[in-house]
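Notes for the one structure printed next.
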């Protein structure tokens, strides 16, 4: 018996032991539990903690008075080198996380002890534009679900780690991929496909969570005869990109699921694909049962800057100009902060939050007024955007929206004609990045700046706390380098976040004051999560090639 078989046998024996001794094996993860996740703050049961995308926890054991007593409890080392972007799921005393390229691990969230590991080896010809990343699993019933770099969806027994079914979602030969964590809604598991840099035609697809049978598919580029097809010229729609690679949100009252859609292709030559190029760079609202489009809002028509719109749609119910509204909050990669009505997609507010020169503003319907820069001149924000995919947070206690931003970062673009070739990069040019002026006088690592003293003279990253009523930042926490980290807020007005330089922060969510910091040494390229086991609250974050878990000192 070889080593792999021995390890598998040991994992099965351990799983059998857990089945007889642990509560997690007894409690089914039903849709009702996911729907009412706010009643189980000890668990972190979906990619963003709940269906709204707020990434806000009701746990309160760790607070502003004792957060300085946090200490490291355990570390898990990723076995594959590279930026680790996975989001842990914690349910009934078990943590599930993916590691590069497509492994799923079930472990003890108190000690980091591994219960079982499932390994999927992607096809040799699997291609992704921006790293062999997987951002996590979804869970329903007795199964966990993972998308793969070779565009497959796999259902795995959550007790013993054995695969139950494995289906093709996209053609790996045409560079389709899945890097996002799936979304569970009712009896369906939903995923979107990546490959926007390879000339795919994007879509969101839903499968029966029990059998893997396809329930519906919505293409993010309309075919001839479908609404929006006239926003593409000739045959450009066939290879127009519009991928979906970040997990969406869901409003159960409206029965709508919301997804951010990525860039059109080729990326940097908008003249090669004239028109608005729907539904690229948009948010789409789909009927959760049928996949039919309810509405869309396009942030960046005919995008020539690779701005995407692949952020988490954050759903908030609150007053808007004296009326209770169902809102969607969105800090877009194009440099504008938006407020939309999520019932019908009505544009309510749009304000720039960084330097923007590709557009002079937004019209009354939220459509940008383009101001393309002369050839060889820089465009703000740059190619990576003013923010990117990393998850934001909204706290109902502070009524503030929190996200990472890249300030004073620009790109010079070069457009080229390119012919589509199956499975090959389809970029239409290239770019040069104007790097931020790091280390300039007056810029330190970790400083909160009141808005009335802020300047735009030096490049840096900032954690922003945004007022949804005005689209203006209430405070900013400066960082030395650009940031790829996401946000987590709690019921004790704490904001946990990290940065590329490896510092993990706890800030006062109301003021931005730094309350605690740990130097973990590796890039933080995901948002933290928090959970509770045996009356102890933990906070977990991925830094570089390791996942670090903290709790208060004993």
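Values for this structure:
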quantity: Search result, residues across segment 140-151 that are surrounded by fewer than 24 Cβ atoms within 10 Å (Cβ to Cβ) and in a strand (DSSP E or B); calculated: 141, 143
quantity: Residue match in segment 536-543 (condition: surrounded by fewer than 22 Cβ atoms within 10 Å (Cβ to Cβ) and not in a strand (DSSP E or B)); calculated: no
quantity: Meets criteria (assigned to a strand (DSSP E or B) and either closer than 29 Å to residue 68 by Cα or modelled with pLDDT under 75 (or both)) for residue 438; calculated: no
quantity: Options 285, 294: the member that is modelled with pLDDT of 95 or more, within 18 Å of the chain's Cα centre (by Cα), in a strand (DSSP E or B) and on the phi < 0 side of the Ramachandran plot; calculated: 285
quantity: Check on residue 164, in contact with a strand residue (DSSP E or B) (Cβ under 7 Å, 6 or more places away or on another chain), surrounded by 22 or more Cβ atoms within 10 Å (Cβ to Cβ), modelled with pLDDT of 95 or more and under 20 Å from residue 214 (Cβ atoms); calculated: no
quantity: Among residues of segment 262-297, those that are in contact with a helix residue (DSSP H, G or I) (Cβ under 9 Å, 6 or more places away or on another chain) and either closer than 11 Å to residue 220 by Cβ or buried (at least 24 other Cβ atoms within 10 Å of the Cβ) (or both), counted; calculated: 11
quantity: Residue that is crowded, with 24+ Cβ neighbours inside 10 Å and more than 19 Å from residue 217 (Cα to Cα), where the choices are 127, 158; calculated: 158
quantity: Matching residues in segment 309-329 - criterion: being touching a residue at least 60 places away in the same chain (Cβ under 8 Å) and crowded, with 20+ Cβ neighbours inside 10 Å; calculated: 310, 311, 312, 313, 314, 315, 316, 327, 328, 329
quantity: Positions within segment 218-261 being surrounded by fewer than 24 Cβ atoms within 10 Å (Cβ to Cβ) and either under 17 Å from residue 151 (Cβ atoms) or under 15 Å from the mean Cα position of the chain (by Cα) (or both), in sequence order; calculated: 218, 219, 239
quantity: Flag for residue 385 being surrounded by 20 or more Cβ atoms within 10 Å (Cβ to Cβ) and at pLDDT below 95; calculated: yes
quantity: Flag if residue 110 is surrounded by 24 or more Cβ atoms within 10 Å (Cβ to Cβ) and closer than 30 Å to residue 534 by Cβ; calculated: no
quantity: Strands (runs of 3 or more DSSP E) fully within segment 179-249 counting 2 or more residues that are over 23 Å from residue 104 (Cβ atoms) and touching a residue at least 40 places away in the same chain (Cβ under 8 Å); calculated: 214-219
quantity: Segment 330-350, residues that are surrounded by fewer than 18 Cβ atoms within 10 Å (Cβ to Cβ), touching a residue at least 40 places away in the same chain (Cβ under 8 Å) and closer than 25 Å to residue 264 by Cβ; calculated: 344, 347
quantity: Residues being under 25 Å from the mean Cα position of the chain (by Cα) and either assigned to a loop (DSSP other than H, G, I, E, B) or modelled with pLDDT under 95 (or both) - total across segment 350-370; calculated: 7
quantity: Enumerated strands (runs of 3 or more DSSP E) restricted to segment 9-108, each holding at least 3 residues that are at pLDDT 90 or above, over 30 Å from residue 400 (Cβ atoms) and within 26 Å of the chain's Cα centre (by Cα); calculated: 70-77, 94-99, 103-107
quantity: Tally, over segment 298-308, of residues that are surrounded by 22 or more Cβ atoms within 10 Å (Cβ to Cβ) and at positive phi; calculated: 2
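The values are calculated or read from the model by the stated rules, or taken from the named source; none is laboratory data. Keep in mind the model is a prediction, meaning the values are calculated, not measured. Please note: Cβ atoms are built from the backbone with ideal geometry, for glycine as well, and neighbour counts cover all protein chains shown.
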